[in-house]
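Peer 1: Questions regarding the structure given below will be posed in turn.
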Amino acid sequence: MSQTMPINDLTLKINEIFFSIQGETTRAGLPTIFIRLTGCPLRCTYCDTAYAFHDGERMTLAEIMQTISDYKSKQITVTGGEPLAQKNCRPLLEILCDAGYDVSLETSGALNIQDIDNRVARIIDLKTPASGEVDKNLYENMLHLTPQDQVKFVICDREDYEWSKEKLNEYKISAQCEVLFSGSHGEIQSEQLANWILEDQLPVRLQIQLHKYLWGNVPGK
């Protein structure tokens, strides 16, 4: 851990810290520590974590590190809300990496990812038209992708699918990192999305939200 990082001075508003099975990304199925930060500037139509918009408590970085020490896993996901909406998210990511954790960040991609610690796997949720927030996408982020990053498209309907194909081609995303096509839970059948992917032979990974099949929409799972 960095000796210059003031872990007793910097604070973040934390909605919840919990231990569960990772339900998304290429890390799906792995026991993972989740740190969910409070707050989000977006209001996606399909959002399933609206409880994180406002609720939470202030914790110092030292308190966060102490809390996660109760768990044995080295897999950590920092999520939200939109975690990058809090400026001290970046030092938290650095401290987690310094402590030897395998860290992933789940971000909407509406905020700049360029200065994120390069040890962090950035999972960017590029917003589709049906999300209601497509105009918030910061496409500049597509220029800073690395092989350890992942770009996720949450797809609600055929229009979203066609739009996602266009962006996939426009920014050559699959040549830079893994691409995830995820059907919006309850809005489109995964079988339908799978058929479209196969018909078009897309270089993407079909994703289902494993945690919802295990526990449903239960906070902290």
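Peer 1: Using only Cα atoms and rounding to the nearest 10 degrees, what angle (0 to 90) does helix 190-200 make with the longest principal axis of the chain?
Peer 2: So the helix axis and the longest Cα principal axis differ by about 60 degrees.
Peer 1: Can you check what the Kirkwood hydrodynamic radius comes to for segment 116-162, Cα pairs only, in Å to one decimal?
Peer 2: Final number for the Kirkwood radius of segment 116-162 is 11.8 Å.
Peer 1: Determine one quarter of the surface area of the Cα convex hull of segment 131-201, which equals its mean projected area, and express it in nm² to one decimal.
Peer 2: Convex hull of Cα atoms, orientation-averaged projection: 5.0 nm².
Peer 1: Return the calculated 222 nm mean residue ellipticity for the chain, to the nearest 500 deg cm²/dmol, obtained by summing -39500 (n - 2.57) across DSSP H runs with n ≥ 4 and dividing by the residue count.
Peer 2: -6500 deg cm²/dmol
Peer 1: Once you keep just the Cα pairs under 8 angstrom separated by 6 or more residues, what percentage relative contact order results for segment 12-128?
Peer 2: Relative contact order here is 25 percent.
Peer 1: Using 0.36 nm times the number of residues separating TYR71 and ASN88, minus their current alpha carbon distance, what extension gain do you get?
Peer 2: 3.9 nm
Peer 1: Further question on the same structure: Around THR128, which amide H atoms from residues at least 5 apart in sequence, or from another chain, sit under 5 Å from its own amide H, with H modelled in the peptide plane?
Peer 2: Here the answer is VAL154, since their amide H atoms fall under 5 Å of that of THR128.
Peer 1: Working from the pairwise distances between different alpha carbons, so that the mean of 1/r is found and then inverted, what is segment 1-86's Kirkwood radius in Å?
Peer 2: Answer for segment 1-86: a Kirkwood hydrodynamic radius of 13.8 Å.
Peer 1: Which of rounded, prolate, oblate describes segment 42-98, given a ≥ b ≥ c as roots of the alpha-carbon gyration tensor eigenvalues and a/c under 1.5 marking rounded, otherwise prolate only if a/b is larger than b/c?
Peer 2: Verdict is prolate for segment 42-98.
Peer 1: If you average the C-alpha positions of segment 141-174 and of segment 88-123 separately, how far apart do those two centres end up, in angstrom?
Peer 2: 20
Peer 1: Using 0.36 nm per residue, how much length does the chain from GLU166 to LEU206 gain when fully extended, once their Cα-Cα distance is taken away?
Peer 2: 12.7 nm
Peer 1: Provide the gained length on full extension for the span PHE18 to THR49, in nm with one decimal, where the gain is 0.36 nm per separating residue minus the Cα-Cα distance.
Peer 2: 9.7 nm
Peer 1: Computed over the Cα atoms of segment 96-221, what is the ratio Rg over Rh, Rh following Kirkwood?
Peer 2: 0.97
Peer 1: Given the Cα atoms of segment 88-138, and with Rh set as the inverse mean 1/r over their pairs in the Kirkwood sense, what is Rg to Rh to two decimals?
Peer 2: Answer for segment 88-138: 1.06.
Peer 1: Name the long-range amide H neighbours of SER184: under 5 Å, sequence gap of 5 or more, or other chain; modelled H, no Pro or chain starts.
Peer 2: ILE155, CYS156
Peer 1: Based on alpha-carbon atoms only, what is the radius of gyration of segment 11-215 relative to the globular estimate 2.2 N^0.38 Å?
Peer 2: 0.99
Taken together, the values in this text are just the output of simple stated rules run on the coordinates, not laboratory data. Since the model is a prediction, treat every value here as computed from it, not as a measurement.
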